[in-house]
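Visitor: Structure incoming, see below.
The values are calculated or read from the model by the stated rules, or taken from the named source; none is laboratory data. Remember, predicted model here, so these are calculated numbers, not experimental data. Positions of Cβ are backbone-derived with ideal geometry, glycine not excepted, and every protein chain shown enters the neighbour counts. Side chains are part of the model used for accessible areas, which takes the heavy atoms of the whole protein and leaves out ligands, DNA and RNA. Shrake-Rupley method; radii C 1.70, N 1.55, O 1.52, S 1.80 Å.
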Amino acid sequence: MIFGGLQKLTLIDFPGKLACTIFCAGCNFRCHFCYNRELVLAEEIKRHPKISEDDFFEFLSEKRKLLEGVCVTGGEPTLQKDLPDFIKKIKKLGFLVKLDTNGSNPGMLEKLFREKLIDYIAMDIKAPLGVKSKISNLKSKKYEKVVGAKINLNKIKKSIELVKNSGVDYEFRTTVVPVLHTKEDIIQIAREISSAKKYFLQNFRPKKTVDPKLAKIKPYPQEFLLEIQKAISPFFEICQVR
Ligand code: SF4
């Protein structure tokens, strides 16, 4: 595993739990709005200080009485082959595990669910999935535009189904970005993942984004996100703006 950061305490990332967050380096997406450049762009990953697995477990062993959970985030954690073994070690110390994923690796998700290694999962839905084409391949130029990379939408769709049927507590979430998403896009996403338990809309934060042009974009007003949330709430048990 390659780690690019550790947040020693979070009260908000793992619902209802006191947790820490470990950041995995490397991602197969290049979301324009992503503010974790140092975990995504190869040159920045190289320059950014790393955390060794030994140091992380030393920290975790010392926090057994204080923390309840570990959030494993990225980058994209499911790209790292050692992820199941890494999580097993965390669980052996008695911690619950939350995983953040972009949903591009359903094979890894299947394995993690099968081995009961996940206690909570959050999956990003970056854009509408689109409709089935004649060659039975799922296509969405929109998705690729938002994530800045070639992707296999069938894998994203498979991950959505795996997460919904995993029996593990979960959420889907979308970062809503002016210039990338319209109200109609979010309504379409809501239709596509409807009957999901929880769906969160996250407002874009113009920080040090992967695409520097986006750092200058003003987020949508909170009222606009609340208006969308009102329109899509009937599709979900819980739907909120973060
Ligand atoms: S926001 Fe996109 S580019 Fe950034 S870590 Fe997540 S999936 Fe990767």
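Visitor: Condition check: open to solvent by less than 60 Å² (accessible area, probe 1.4 Å) and either within 25 Å of ILE151 (Cβ to Cβ) or touching a helix residue (DSSP H, G or I) at 6+ places or on another chain (Cβ under 9 Å) (or both). Does GLU43 satisfy that?
Guide: Numbers: open to solvent by less than 60 Å² (accessible area, probe 1.4 Å): no; either within 25 Å of ILE151 (Cβ to Cβ) or touching a helix residue (DSSP H, G or I) at 6+ places or on another chain (Cβ under 9 Å) (or both): yes.
Here the answer is no, as GLU43 does not meet what is asked.
Visitor: Continuing with the same structure: So PHE200 fits all but one of (1) within 15 Å of the ligand (Cβ to nearest atom); (2) surrounded by fewer than 22 Cβ atoms within 10 Å (Cβ to Cβ); (3) closer than 18 Å to CYS27 by Cα; (4) without any contact (Cβ under 8 Å) to a residue 60 or more places away in the chain; what number is the exception?
Guide: (3)
Visitor: Still on this structure: Output the helices (runs of 4 or more DSSP H) that fall wholly within segment 1-79 and possess 1 or more residues being touching a Ser or Thr at 6+ places or on another chain (Cβ under 8 Å) and within 15 Å of the ligand (Cβ to nearest atom), or say none.
Guide: Values: elements: 37-40, 42-47, 53-62.
Qualifying helices (runs of 4 or more DSSP H): 37-40.
Visitor: Among the residues of segment 213-221, are any within 20 Å of the chain's Cα centre (by Cα), farther than 18 Å from ASN105 by Cβ and not charged (D, E, K, R)?
Guide: Taking segment 213-221 and keeping what is within 20 Å of the chain's Cα centre (by Cα), we get 214, 219.
From what's left, farther than 18 Å from ASN105 by Cβ: 214, 219.
Checking the rest, the ones that are also not charged (D, E, K, R) come to 214, 219.
Within segment 213-221, one or more residues are within 20 Å of the chain's Cα centre (by Cα), farther than 18 Å from ASN105 by Cβ and not charged (D, E, K, R).
Visitor: Looking only at segment 17-62, which residues are closer than 28 Å to LEU93 by Cα and of a type in the set (Asp, Glu)?
Guide: Within segment 17-62, GLU53, ASP54, ASP55, GLU58, GLU62 meet the criteria.
Visitor: Name the single residue that is surrounded by the most Cβ atoms within 10 Å (Cβ to Cβ) among those in segment 168-197 being part of a helix (DSSP H, G or I) and under 20 Å from the mean Cα position of the chain (by Cα).
Guide: Residues of segment 168-197 part of a helix (DSSP H, G or I): 183-192.
Those still in the list that are under 20 Å from the mean Cα position of the chain (by Cα) too: 185-192.
Details: ASP185: 17, ILE186: 22, ILE187: 15, GLN188: 19, ILE189: 23, ALA190: 25, ARG191: 12, GLU192: 17.
Within segment 168-197, the match that is surrounded by the most Cβ atoms within 10 Å (Cβ to Cβ) is ALA190.
Visitor: Could you list all residues from segment 88-116 that are more than 17 Å from the chain's Cα centre (by Cα) and closer than 23 Å to SER61 by Cβ? First the steps, then the outcome.
Guide: Going residue by residue through segment 88-116, those that are more than 17 Å from the chain's Cα centre (by Cα) are 88-96, 111, 114-116.
Once the filter is applied, which keeps residues that are more than 17 Å from the chain's Cα centre (by Cα) and closer than 23 Å to SER61 by Cβ, segment 88-116 yields LYS88, LYS89, ILE90, LYS91, LYS92, LEU93, GLY94, PHE95, LEU96, GLU115, LYS116.
Visitor: Residue by residue through segment 203-233, note down the ones that are among the aromatic types (Phe, Trp, Tyr) and buried (at least 18 other Cβ atoms within 10 Å of the Cβ). Reasoning before the result, please.
Guide: Residues of segment 203-233 that are among the aromatic types (Phe, Trp, Tyr), as a first pass: 204, 220, 224.
Listed by number, the residues that qualify are PHE204, TYR220.
Visitor: Output the residues belonging to segment 12-42 that are more than 23 Å from ASP119 (Cβ to Cβ) and among the acidic types (Asp, Glu).
Guide: Correct list: GLU38 only.
Visitor: Considering segment 167-195 alone, what residues qualify as being in contact (Cβ under 8 Å) with a residue 60 or more places away in the chain and over 19 Å from GLY103 (Cα atoms)?
Guide: Scanning segment 167-195 gives VAL177, LEU180.
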